[in-house]
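So the structure is just underneath, and the comments pick up after that.
The values are calculated or read from the model by the stated rules, or taken from the named source; none is laboratory data. Note that this is a predicted model, so its numbers are computed, not measured. FYI the Cβ positions are ideal-geometry reconstructions off the backbone, even for glycines, and counts take in every protein chain you see.
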Amino acid sequence: MFAKDIMTSPVTTIGEDQNVRRAIEIINASKIGAVPVVDDKGKVVGIVTEGDLLRRISSSNGTRPVPHTRGRAEALGNYIKARSWRIKDVMTSPVVSALPSATTAQVADLLHARAIKHIPVVDDGRLVGMVSRRDLMRAMIDTPGQFAAAGDDALCTAVRARLETDLGIFSKDVETSVKEGHVYLRGELESSVERDAARVAAESVPGVQGVSNNIQIAYRMISRMKPPT
């Protein structure tokens with residue numbers, strides 16, 4: 001699944017010279033939580049988020065003057081963000097964006113790595129949509145049926161492939177069988193966490209209806225030799 005499949009589109013934008021109040025109106029009306037900022041050519045140049053606006057409120061009540069210290073430049077920047085009503089002064093720029101062809105995994109990695117909640121989807125410099133954490137969560141539970149393996153045999157093959165590819169667990173250690181979409185795991189592994197990881201891997205295969213985890217923990221005896229006298 002790709003960004004183009006889960007993005008919100010079309011998205012209301014705002015200009016650099018518009019008022020912060022307009023951004024608040026857009027966020028309240030769209031319920032997206034962020035407004036992309038575009039220039040006069042339609043190119044995305046920034047973004048205003050709920051977080052930007054909340055920080056603005058929380059920092060706007062200070063009455064102390066900006067100090068003449070080493071951190072004055074940063075303090076002045078915060079002053080501008082807290083008090084200006086011009087979008088260009090308040091927006092976050094540059095913008096982290098994604099292509100329509102980016103996979104949902106790539107988008108999720110970007111959101112996590114940059115600690116952001118929304119990402120504009122841009123094609124040839126122009127905004128085509130927006131993906132939020134909520135869109136990704138929705139995609140997790142709305143996976144189309146065509147992505148699921150069809151039939152117990154195909155599902156069993158998919159589970160075995162997931163175990164081998166993700167965890168390096170092969171059929172000689174864990175036997176996999178499937179009946180009416182329910183997966184049965186039997187065998188021996190070295191730890192309880194590895195046993196749990198095998199269950200999670202099986203559960204994550206689209207089409208699996210449930211997992212019975214009958215994997216046992218192989219407790220291996222370690223011989224202790226008496227030290228020489």
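Here are some notes:
- Residue match in segment 95-103 (condition: modelled with pLDDT of 80 or more, more than 29 Å from the chain's Cα centre (by Cα) and not in a strand (DSSP E or B)): no
- For segment 116-123, the criterion of being assigned by TED's automatic domain parsing to the domain that holds residue 43, within 12 Å of the chain's Cα centre (by Cα) and exposed (fewer than 13 other Cβ atoms within 10 Å of the Cβ) is satisfied by no residue at all.
- Just one residue in the set 45, 11, 107 is in a loop (DSSP other than H, G, I, E, B) and touching a strand residue (DSSP E or B) at 6+ places or on another chain (Cβ under 6 Å); that residue is 11.
- Options 71, 46, 42, 15; residue that is in contact (Cβ under 8 Å) with a residue 40 or more places away in the chain, farther than 16 Å from residue 134 by Cα and surrounded by fewer than 13 Cβ atoms within 10 Å (Cβ to Cβ): 42
- Residue among 37, 20 that is assigned by TED's automatic domain parsing to the domain that holds residue 127, within 24 Å of the chain's Cα centre (by Cα) and over 14 Å from residue 117 (Cα atoms): 37
- Evaluating residue 159 against the criteria (1) assigned to a strand (DSSP E or B); (2) in contact with a helix residue (DSSP H, G or I) (Cβ under 9 Å, 6 or more places away or on another chain); (3) more than 19 Å from residue 27 (Cβ to Cβ); (4) among the β-branched types (Val, Ile, Thr) leaves one unmet condition, (1).
- Residue check, residue 189 buried (at least 17 other Cβ atoms within 10 Å of the Cβ), more than 23 Å from residue 104 (Cα to Cα) and modelled with pLDDT of 90 or more: yes
- Residues satisfying the stated conditions in segment 124-148, i.e. touching a Lys or Arg at 6+ places or on another chain (Cβ under 9 Å) and modelled with pLDDT of 85 or more: 126, 127, 128, 129, 132, 133, 134
- Residue satisfying condition, being at pLDDT 85 or above and not in a helix (DSSP H, G or I), within set 32, 26: 32
- Residues in segment 158-173 that are farther than 14 Å from residue 209 by Cα and within 31 Å of the chain's Cα centre (by Cα): 160, 161, 162, 163, 164, 165, 166, 167, 168, 169, 170.
- Residue selected from segment 80-94 under the condition polar (S, T, N, Q) and at pLDDT 85 or above, by the criterion surrounded by the fewest Cβ atoms within 10 Å (Cβ to Cβ): 93
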